[in-house]
Amino acid sequence: MTATIVDLRHPSGINERIVAKVVARRGRLHAFPDIAPHRAALVVVDMMRASVEADPGCRTIVGPINALAAALRRAGGDVAWVTAAPAPRRDDRLVAIVGEARAALFAKAARPSDPRAALWHELDVRPGDIHAAKTGASAFFPGKCDLSDQLRERGIDTVLIAGTVTNVCCESSARDAVELGYRVVMVSDALAGHAHGLHEASLATFYRIFGDVRPTTDLLAMIAPLR
């Protein structure tokens, strides 16, 4: 019997040595070869004015996010916009980690009355989309966000993670979604991460052990394949 040859070039540029280990385990490049669009949701994390203004690189992912959102809506799927909300009380642990000034900045920018808490104006937000506010890093951590409850009500079992920052809130959300039983795909070119390879490291780790990583073009073809 002739062995199947699997192309080890990952479309999101993940290192071939990592890809080889993954393919050796499961025999294919991607964990999820297909998506049922009507059971899928694009989850966009922290694309608020405060985030985008602080990192101009976030503007480059607006196009991919809007394209995926439009395609998924047309195919019967959902789009969820997740923003930060102020914690109900002072978090001394957070202050110890990031410092007093930055913790205060986070809290102020998350207040609904602050203009910086609004979604970035170039995002294509539509009536019927899901909106959720999180009081921690993850959009799926029980007790800190009601996103999962809203997704379950709509029969969602697959989530596509986009937004900022790849290696903080997006990765935290993706990992917690896995623990809750969702099929999770991180959208490599619809995520913005910190410098020094942290974006790439998060994607490689997630691909290796937690779920899948795909670029927007792959997902668009899966959501609305050519006839």
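The values are calculated or read from the model by the stated rules, or taken from the named source; none is laboratory data. Just so you know, these numbers come straight off a predicted model, no measurement behind them. So basically every Cβ, Gly included, is an ideal-geometry build from the backbone, and we count neighbours across all protein chains shown.
Values as computed for the structure displayed
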| read-out | value |
| --- | --- |
| Residue in the stretch 132-141 that is assigned to a strand (DSSP E or B) and over 24 Å from L203 (Cβ atoms) present | yes |
| Subset of the stretch 142-168 (residues that are of a type in the set (A, V, I, L, M, F, W, C) and not in a helix (DSSP H, G or I)) | C145, I156, V159, L160, I161, A162, V165 |
| Residue within the stretch 22-42 that is at pLDDT 95 or above, closer than 30 Å to T135 by Cβ, touching a Cys at 6+ places or on another chain (Cβ under 6 Å) and not in a helix (DSSP H, G or I) present | no |
| Set L203, L151, L219, L160: member being touching a residue at least 24 places away in the same chain (Cβ under 8 Å), in contact with a Lys or Arg (Cβ under 9 Å, 6 or more places away or on another chain) and either within 19 Å of I18 (Cα to Cα) or hydrophobic (A, V, I, L, M, F, W, C) (or both) | L160 |
| Top-ranked residue of the stretch 43-56 - restricted to ones that are part of a helix (DSSP H, G or I) and not polar (S, T, N, Q), ranked as surrounded by the fewest Cβ atoms within 10 Å (Cβ to Cβ) | P56 |
| Residues that are part of a helix (DSSP H, G or I), acidic (D, E) and in contact with a helix residue (DSSP H, G or I) (Cβ under 9 Å, 6 or more places away or on another chain), drawn from the stretch 201-227 | none |
| Condition met for S138 (free of Cβ contacts under 8 Å to residues at least 24 places away in the same chain and of a type in the set (S, T, N, Q)) | no |
| Selection from the stretch 63-83 of residues that are more than 13 Å from the chain's Cα centre (by Cα) and either part of a helix (DSSP H, G or I) or crowded, with 20+ Cβ neighbours inside 10 Å (or both) | G63, N66, A67, A70, A71, L72, R73, R74, G77, D78 |
| Residue in the stretch 171-185 that is on the phi > 0 side of the Ramachandran plot and either over 9 Å from the mean Cα position of the chain (by Cα) or of a type in the set (S, T, N, Q) (or both) present | yes |
